[in-house]
Amino acid sequence: MNYFSTNNPSQKISFQEAVRKGLPEDNGLFLPEEIPVLPDAFFNNLPNLSLQEIGFEVAKLFIGNEIPENELKTLVYEVLSFETPVVKVEEDVYSLELYHGPTLAFKDVGARFMARCLSYFNRVKKEEVTVLAATSGDTGSAVANGFLGVEGVQVVLLYPKGKVSPFQEKQMTTLGKNIKAIEIEGNFDDCQHLVKKAFLDKDLNQELGLTSANSINIARLIPQTFYYFYAYGQLQKSTNKPIVFSVPSGNYGNLTAGYFAQQMGAPIHHFVASTNANDIVPNYLATGVFTPKPSVQTISNAMDVGNPSNFTRLNYLFGKSQNKFKAAVSGYTYTDKETKVSLKHLQQLGYTADPHGAVGYLGLKEYQKGHEVTGVFLETAHPIKFKEVVEPTLGIKLEIPDSLKVFLEKEKEALSCSANYEDFKNIIQHL
Ligand SMILES: *Cc1c(COP(=O)(O)O)cnc(C)c1O
């Protein structure tokens, strides 16, 4: 399978090149030259397939012979060494729990897959690379965990100072080895902006061999398609109604992956983009105008994105048509107050969610008001990652999983930097 940049569709590159580059030089984003379609036999058998089996079938189509099948199978099976259960919350409402990986957020799936692909390519072709990632919290820990100890790869994480949860911060600043964390005096958009600027800086790119581990990297998105198929297969056993996915969205990587799955043949009826106060895409759907604005801090901080990067991909895939976009995706936005009410309501139903899942639940319920559908909201993080919000809102104490306790005992190690590009450049050149 070849890939192209949304700004230059005629020039094709391999999967390996797309993963290594992360971001095309022309400031577009990479897409596969065609979205492969899975055969009927795959869908007929879907309810019987494990997440790992699905992952292998799907990955083959996107990667072709660039990773030999036996290696690819091992790679996919290692990435998906944890479950993504579909849990019933109430009639026609299910939670797709994506937080059972090592850092307790869905980003483990994409980050582990990307890390292993890069590691495979590095083994074959020795070339040092530096992975740069801006994080609003969960990307950093997932990327750090996925890349820890991978030879030939330096990881540099940028996060907004004081704007990530204490757990998230510990998870990315205590690993050492090839992982470096930098706290930026600014917000997430400033971090994302610095990363983008570094990519467009030819000298720096040459010197460090930069690649991105944000969802601008196509290797993050491909594995995120797997669990849409899996959830669809599981639900086929319990409903005859059309199936809708509500995706708590920030940079829209997860939603783009869902759209890939639909285009690959999964009969997903519709998508709901559920957001917090950072309502750029719901606004676009309502007005037809895409207007990025500075991000606002909320209690669902992993969605505090004011300029969602994967909009470029979705917009390209929808032929730049607001109508086509609207036909596939509905968008709703919620305040922190509404999110807390949603957390409490879910708790009464016997389900403890995190603030992002709670936003996803609200969007789903809103869509269901006018449509007879079975809905799944993506539960993108473990509630413990947002303990500071969940515990006082629900008046309960959450148990800390052992996998997190380990981080709490370690010392934070992070560099500090202003949001100024020259300062940042100077720091990463001397790491
Ligand atoms: C990153 C993240 C999101 C947003 O996902 P996108 O793919 O950027 O839209 C939602 N919830 C949690 C918990 C996250 O970490």
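The table for this structure:
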item: Three-way shape call for segment 278-363 based on the alpha-carbon gyration tensor, with the a/c threshold at 1.5; result: prolate
item: At most 16 other Cβ within 10 Å, DSSP loop - chymotrypsin sites (Phe, Trp or Tyr not before Pro), segment 1-80; result: none
item: More than 33 Å apart - percent of Cα-Cα pairs taken over the chain; result: 28 percent
item: Charge-dipole axis of segment 199-330 as Lys and Arg at +1 and Asp and Glu at -1 on Cβ define it, positive-most pick from GLY265, ASN278, ALA302; result: GLY265
item: Calculated from backbone phi, Karplus (6.51, -1.76, 1.60) coupling profile of segment 87-94 in Hz, x at Gly/Pro; result: 10, 6, 9, 7, 3, 6, 10, 10
item: At R0 = 22 Å, FRET efficiency that the Cβ-Cβ distance of GLU78 and SER14 yields, to 0.05; result: 0.45
item: Space enclosed by the convex hull of the alpha-carbon atoms of segment 365-417, per residue, Å³; result: 182 Å³
item: For segment 288-293, 3J(HN,Hα) per residue [Karplus equation, 6.51 cos²θ - 1.76 cosθ + 1.60, θ = phi - 60°, Hz, x = Gly/Pro]; result: x, 10, 8, 10, x, 9
item: Semi-axes of the equivalent ellipsoid for segment 99-247, Cα gyration tensor, largest first, Å; result: 29, 19, 15
item: Cβ-defined net charge surrounding ALA18, 11 Å radius [Lys, Arg +1; Asp, Glu -1]; result: 0
item: Over the chain: helical MRE at 222 nm, DSSP H runs n ≥ 4 each giving -39500 (n - 2.57), nearest 500; result: -13000 deg cm²/dmol
item: Segment 322-431: trypsin sites (Lys or Arg not before Pro) in DSSP loop, at most 12 other beta carbons within 10 Å; result: LYS369, LYS397
item: Positive-end residue, segment 114-223 charge dipole about Cα centroid, Cβ charges, pick of LEU210, LEU148, TYR159; result: LEU148
item: Interchain or long-range residues, amide H under 5 Å from GLY331's placed H; result: ALA273
item: Cα-Cα separations in segment 300-431 greater than 24 Å, expressed as whole percent; result: 52 percent
item: Under 18 Å from LYS126, Cα to Cα: lysines that are on another chain or at least 8 residues apart; result: LYS21
item: Heavy atoms of VAL124 accessible to a 1.4 Å probe, total area in Å² rounded to 10; result: 100 Å²
item: Distance from segment 144-222 to segment 242-321 (C-alpha centre basis), Å; result: 22 Å
item: Computed magnitude of the charge dipole of segment 177-320 (debye, nearest 20; Cβ of K, R +1, Cβ of D, E -1); result: 560 debye
item: Percent carbon-and-sulfur accessible area, segment 312-389, ignoring ligands, DNA and RNA, probe 1.4 Å; result: 50 percent
item: Under-5 Å amide H pairs with HIS270, H placed in peptide plane, nonlocal only; result: PHE245
item: Residue with peak Gaussian network fluctuation, the chain [Cα springs, cutoff 10 Å], from GLY363, GLY162, GLY137; result: GLY162
item: Debye, to nearest 20: dipole size of segment 32-180, +1 on Lys, Arg Cβ, -1 on Asp, Glu Cβ; result: 920 debye
item: Charge dipole (debye, nearest 20) of segment 297-406; +1 at Cβ of Lys and Arg, -1 at Cβ of Asp and Glu; result: 360 debye
item: Most positive-pole-ward Cα, ILE400, VAL37, ASN65, against dipole of the chain from beta carbon charges; result: VAL37
item: Net charge over other residues, Cβ less than 15 angstrom from the Cβ of LEU431 (K, R count +1; D, E count -1); result: -2
item: Compactness of segment 1-152, expressed as Rg and Dmax over alpha-carbon positions, Å; result: 16.8, 53
item: Candidate lysines for bridging to LYS344, where Cα separation is under 23 Å - those fewer than 8 sequence places away on the same chain excluded; result: LYS88, LYS365, LYS369, LYS385, LYS387, LYS397
item: Cleavage-rule hits (trypsin sites (Lys or Arg not before Pro)) in segment 104-180: DSSP loop, at most 12 neighbouring Cβ within 10 angstrom; result: LYS125, LYS126, LYS177
item: For LEU158, distant residues with modelled amide H under 5 Å away; result: ALA133, ALA134, THR135, ILE182
item: Summed side-chain charge close to LYS293 - residues other than LYS293 whose Cβ falls under 10 Å, Lys, Arg +1, Asp, Glu -1; result: -2
item: Per-residue HN-Hα couplings for segment 37-45 [Karplus 6.51, -1.76, 1.60; θ = phi - 60°; Hz; x = Gly/Pro]; result: 10, 7, x, 4, 4, 4, 6, 4, 9
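The values are calculated or read from the model by the stated rules, or taken from the named source; none is laboratory data. This one's a predicted model, so the numbers in the text were calculated from it and none came from an experiment. Because the Cβ atoms are built from the backbone with ideal geometry, glycine has one as well, and the counts that use them run over all protein chains shown. When the accessible area is computed, the model is the full protein with side chains, heavy atoms only, and any ligands, DNA or RNA have been set aside. Shrake-Rupley method; radii C 1.70, N 1.55, O 1.52, S 1.80 Å.
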